2 protein chains.
Amino acid sequence: MDTQRTGPRARTGAVEPGAGRSRGRDVPPATVARLPGYVRVLRSLSQDGVVTTSSEELAAGAGVTPAQLRKDLSFLGSYGRRGVGYDVVHLSEQISVALGLTTQRRVVIVGIGNLGHALASYSVFAERGFAVVGLIDADPAVVGTTVAGLVVQPSSALSDVVSAADATIGIIATPAAVAQDVCTALVAAGVVGILTFAPRALRVPPHVDLRAVDVASELQILAFHDHRRTGTGA
Amino acid sequence: MDTQRTGPRARTGAVEPGAGRSRGRDVPPATVARLPGYVRVLRSLSQDGVVTTSSEELAAGAGVTPAQLRKDLSFLGSYGRRGVGYDVVHLSEQISVALGLTTQRRVVIVGIGNLGHALASYSVFAERGFAVVGLIDADPAVVGTTVAGLVVQPSSALSDVVSAADATIGIIATPAAVAQDVCTALVAAGVVGILTFAPRALRVPPHVDLRAVDVASELQILAFHDHRRTGTGA
DNA sequence: TAGATTGTTAATCGATTAACAATC
DNA sequence: TAGATTGTTAATCGATTAACAATC
């Protein structure tokens with residue numbers, strides 16, 4: 001699907017680090033988008049008992065080139081040793097700090113249909129530092145049911161749920177028709193990041209970061225290449 | 001999540017159209033990725049009875065700038081009229097032809113856990129030209145159950161299911177640990193496009209197009225901006 | 001030391017934006 | 001015609017790649 005960036009995309013290029021940490025340089029959006037993949041590989045290597053790695057090994061695991069990996073890391077600092085490589089645990093920690101993964105973020109999910117249900121139950125979120133703290137749905141038949149240990153709340157409770165749990169991220173898994181209203185409500189409730197699965201462009205104020213996943217669009221992009229290769233469909 | 005492109009990404013830039021149709025020019029990957037969004041907006045406008053639109057209106061609906069929209073369309077041909085705008089139905093058809101959406105593509109889903117179940121039941125796929133024709137799972141407790149009108153088949157049947165239904169696209173919704181094996185099996189069975197939700201880099205041969213959605217990575221990217229804004233987590 | 005591998009620089013490449021001539 | 005809006009060109013910008021000096 002489609003990965004749409006708004007909010008920070010409006011900035012001219014890179015993203016300003018916080019309090020002069022790292023190397024004081026900005027981190028380009030394309031680099032930020034690859035950092036989670038590096039952390040994932042490093043944690044996997046660490047679990048396998050690997051102590052030191054190289055840009056070649058790490059890049060292969062993440063599906064990028066060694067040059068790109070080193071370039072990406074250079075925006076964060078100098079965490080390797082020439083002639084030696086990278087300490088797996090240390091590099092993992094440094095990237096995690098840069099990404100802000102040392103604090104657990106709280107997430108609310110709006111729209112507990114098939115997809116919302118799957119996301120609420122997705123164990124990888126917890127493994128990677130996120131806590132699902134609230135579920136919201138507009139359907140009275142769904143409200144009150146328990147999903148993944150949480151009782152689904154009505155739409156009217158959205159603001160209270162976000163506030164009470166101090167959630168900073170909202171996931172929209174509703175039908176497209178109501179996605180903008182949900183988005184607006186989430187922003188009003190105070191979230192600063194939104195991940196939407198609804199197939200519709202959403203508008204958010206500049207201080208809110210929006211990412212969009214459109215699985216049907218992803219298939220259509222695959223169809224384009226299928227089409228080009230096989231010549232069907234024209 | 002993360003949108004990873006392999007296969008065609010290896011080409012130097014743009015994508016060769018099929019038999020000299022459109023304008024004979026290549027379509028850049030970034031443009032291809034936006035075309036589904038334009039079709040979505042055009043179909044919505046059409047349903048609302050709108051006959052003619054402008055680059056301004058269409059771009060607003062898709063969340064891009066008018067200049068970018070016109071630039072994107074210029075790779076497909078000249079389908080507008082200066083001073084007037086675009087015929088909604090005609091432009092929608094032209095982009096659909098370029099994307100190869102005039103032929104229905106057949107999709108198999110591997111991994112019928114929470115996410116696979118949600119995808120199998122996702123009505124938007126059918127609305128946008130895809131038919132889910134096979135469901136595969138490795139769990140004997142899941143095999144034989146009916147999901148979205150299809151009986152889940154065992155892993156051993158993967159190749160037969162792909163062949164019998166002539167599926168060209170595979171969706172991987174399995175745990176990360178088995179994703180590469182499933183990917184390899186799908187390629188061997190003959191699919192030419194793969195959409196994976198497993199948080200792991202996958203390798204495919206050059207003729208296969210791979211797109212990857214990693215929802216946990218998407219949240220981590222949001223966390224980065226949250227972190228930069230609030231200063232927490234360092 | 002010699003070999004290995006990083007971090008950085010410079011060059012290339014692709015994508016976006018702005019402006020405007022073409023033309024309906 | 002006058003006004004509107006496209007399609008395209010040129011300029012800018014950001015991302016990627018390659019090469020290599022630095023240095024462990």
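Coordinate-derived values only; no laboratory data. Computed from a predicted model, the values in this text were never measured in an experiment. Here the Cβ is made from the backbone with ideal geometry for all residues, glycine too, and neighbour counts use every protein chain on show.
Largest GNM mean-square fluctuation among A:Val192, A:Val147, A:Val51, using chain A with Cα springs under 10 Å: A:Val51. Cα centroids of the stretch A:93-166 and the stretch B:62-128: 30 Å apart. A point 7 Å from Cα along Cα→Cβ stands in for A:Thr230, and the other copies hold the same point at 4.7 nm, listed in rising order.
Between copies, the label points of A:Gly149, set 7 Å from Cα on the Cα→Cβ line, lie 3.8 nm apart, reported in increasing order to one decimal in nanometres. Extending 7 Å from the Cα toward the beta-carbon at both A:Ala177 and B:Ala189 defines two label points whose distance is 3.5 nm.
Report for chain B the percent antiparallel among DSSP-assigned beta bridges with both residues inside it, nearest 5. Walk me through the numbers on the way to the answer.
Numbers: 9 of 29 bridges.
In chain B, DSSP labels about 30 percent of beta bridges as antiparallel.
The Cβ shell under 9 Å around B:Val64 holds other residues with a net charge of 0, Lys and Arg each +1, Asp and Glu each -1. Each Lys or Arg adds one and each Asp or Glu takes one away; over the other residues whose Cβ falls under 13 Å from the Cβ of B:Pro175, this sums to -3. Across the identical copies, the 7 Å label point of B:Arg81, projected outward along Cα→Cβ, sits 7.2 nm from its counterparts, in ascending order.
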